[in-house]
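Report on the following structure.
The values are calculated or read from the model by the stated rules, or taken from the named source; none is laboratory data. What you see is a predicted model; the values in this text were computed from it and never measured. Cβ atoms come from the backbone with ideal geometry, glycine included; neighbour counts cover every protein chain shown. The protein model used for the area step is the full one, side chains on, heavy atoms only, and it has no ligands, DNA or RNA in it. Shrake-Rupley method; radii C 1.70, N 1.55, O 1.52, S 1.80 Å.
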Amino acid sequence: MRKRRMNLADRLITLANLFSSLYQAKLNSDIYRDWLYKLDNLLKSMSDGIVLLNLQRNVIHQNDAFVQFIKTYNDGKMIINENQLIKMFIQINELESVDIEEFASQNEASIRIKAQLPGKIRYFEIKKFAVYENSEPLGNVYSIRDITKEYEVDQIKSNLISIASHEFKTPLTNIRGSVETLLRGESNWDESFSHDLLLGIHEDVLHLQELIDVWMDVKKIETGTLLLHQDFFPLFQLIKGTRNQLPEKVMSQGEIVFNYDTTSNFPLLYGDEARVRQVLINLIINGLTYNDAKEKKIVVDIHHDDQYIYIEVTDNGIGISEKNLKKIFERFYRADISAARKSGGSGLGLSISEGLIREHGGEIDVKSRLNEGSTFTVKLPIIEVP
């Protein structure tokens with residue numbers, strides 16, 4: 001008969017029972033060792049970080065998942081008591097609305113925190129509960145669970161409603177109005193007027209298709225199913241394709257300058273040219289959109305060393321504050337809401353760009369000064385031509 005797999009709640013209940021039994025067995029060394037063995041096996045089977053504290057608030061046991069957590073977020077420094085544990089949570093948390101000290105003062109509670117490493121943001125749920133034996137307290141248990149995926153799904157659902165109500169509603173309303181106008185049988189519309197309406201419908205349909213493509217990219221990057229058509233291609237091909245694909249209304253907003261080595265010694269790029277071009281176009285459009293300068297200017301510098309090809313996109317726009325720099329690659333994040341509303345952006349462009357470059361084995365970074373401009377640097381590894 002197949003055994004039922006224990007869920008987290010079952011394991012926590014079992015953990016509490018083992019903790020209680022461990023206390024009862026402490027006077028009998030054989031029984032104590034047996035219960036300690038069972039407790040250790042249970043903790044090792046859990047992917048959540050688990051810490052057991054006694055009444056003196058000292059750590060008496062921790063599982064491998066928790067050890068890995070402190071290696072990542074506490075520079076490998078061991079935690080020996082509750083004060084150090086709470087101090088670590090306070091130091092790594094970036095959610096201002098969370099009162100960790102208030103959480104720690106309660107017998108049973110749960111909170112969510114946000115922690116960041118270079119290029120990586122994670123969300124964790126921390127739970128605390130007390131363990132009793134015949135109404136007598138024995139100690140406390142802290143569990144730490146990575147809820148990043150759940151958080152991102154919730155965020156996507158929430159933002160999808162917002163985007164659907166705005167980004168989709170506007171073009172759909174325009175299409176409906178234009179079609180209803182053209183369908184009025186009693187009206188004999190001028191041919192040029194009808195043609196303008198059809199052009200408007202076509203533009204709105206293309207906009208809807210772009211939104212759908214964006215969502216599909218997010219899903220493919222998220223699930224690791226993005227298919228790249230990688231091959232070697234020359235730099236001039238990337239630049240030519242970028243110039244040709246930039247919309248005329250974007251080109252007319254400001255000056256766009258490309259600086260690159262025109263000699264034949266420049267190494268071939270390796271990757272999906274269309275996807276690399278997509279990233280470059282997104283950075284250029286952002287540089288012109290979030291820009292209040294009288295004379296907008298984008299400079300694209302492309303150079304290389306022995307290992308990497310660097311594509312630097314510099315603008316003279318509004319810049320990004322130091323606080324917002326950490327969030328700029330998060331999904332749906334837009335540092336300047338007014339500019340975002342004008343452009344009709346989804347807040348996904350930079351997140352997708354980072355995902356695409358990461359899929360190429362590269363990195364994307366940004367340096368910026370508020371009210372002075374920004375420089376986004378794409379770093380792609382050089383692959384030797386076989």
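Shown for the stretch 164-214: the carbon plus sulfur share of the solvent-accessible area, taken with all protein chains present and a 1.4 angstrom probe, equals 58%. Shown here for the stretch 68-116: GluC sites (Glu not before Pro) in loop regions (DSSP other than H, G, I, E, B) with at most 15 other Cβ atoms within 10 Å, namely Glu94, Glu96, Glu108. Modelled spin labels at Ser187 and Arg369, positioned 7 Å past Cα toward Cβ, are 5.4 nm from each other. Taking 0.36 nm per residue of separation and subtracting the Cα-Cα distance, full extension of the segment from Ile239 to Val67 would add 57.1 nm. For the stretch 225-303, the solvent-accessible area works out to 55 Å² per residue, with a probe of 1.4 Å and every protein chain left in place. Converting phi to 3J(HN,Hα) with the Karplus coefficients 6.51, -1.76 and 1.60 and the offset θ = phi - 60°, the stretch 303-311 yields 8, 8, 10, 6, 10, 9, 9, 10, 10 Hz in sequence order, with x at every glycine or proline. Based on the alpha-carbon gyration tensor of the stretch 60-126 and its eigenvalue square roots a ≥ b ≥ c, which shape applies: rounded if a/c is under 1.5, prolate if not and a/b is larger than b/c, or oblate? In terms of gyration-tensor shape, oblate. What chymotrypsin sites (Phe, Trp or Tyr not before Pro) in the stretch 187-225 are in a loop by DSSP, with at most 15 other Cβ atoms within 10 Å of the Cβ? Here the sparse-neighbourhood loop sites are Trp189. What is the list of residues in the stretch 227-259 whose amide nitrogen lies under 13 Å from a point 7 angstrom out from the Cα of Glu295, following Cα to Cβ? So the set is 254-256.
Between Ile382 and Thr262, the C-beta separation translates, for a Förster distance of 22 Å, into a calculated FRET efficiency of about 0.75.
Quick one: which of Lys127/Lys220; Lys294/Lys323; Lys220/Lys240; Lys149/Lys296; Lys128/Lys367; Lys169/Lys323 span more than 30 angstrom between C-alpha atoms? Among Lys127/Lys220; Lys294/Lys323; Lys220/Lys240; Lys149/Lys296; Lys128/Lys367; Lys169/Lys323, the Cα-Cα distance tops 30 Å for Lys127/Lys220; Lys149/Lys296; Lys128/Lys367; Lys169/Lys323.
Put His195, His304 in order of accessible area, largest first, 1.4 Å probe: what do you get?
The ordering from most to least exposed comes out as His195, His304.
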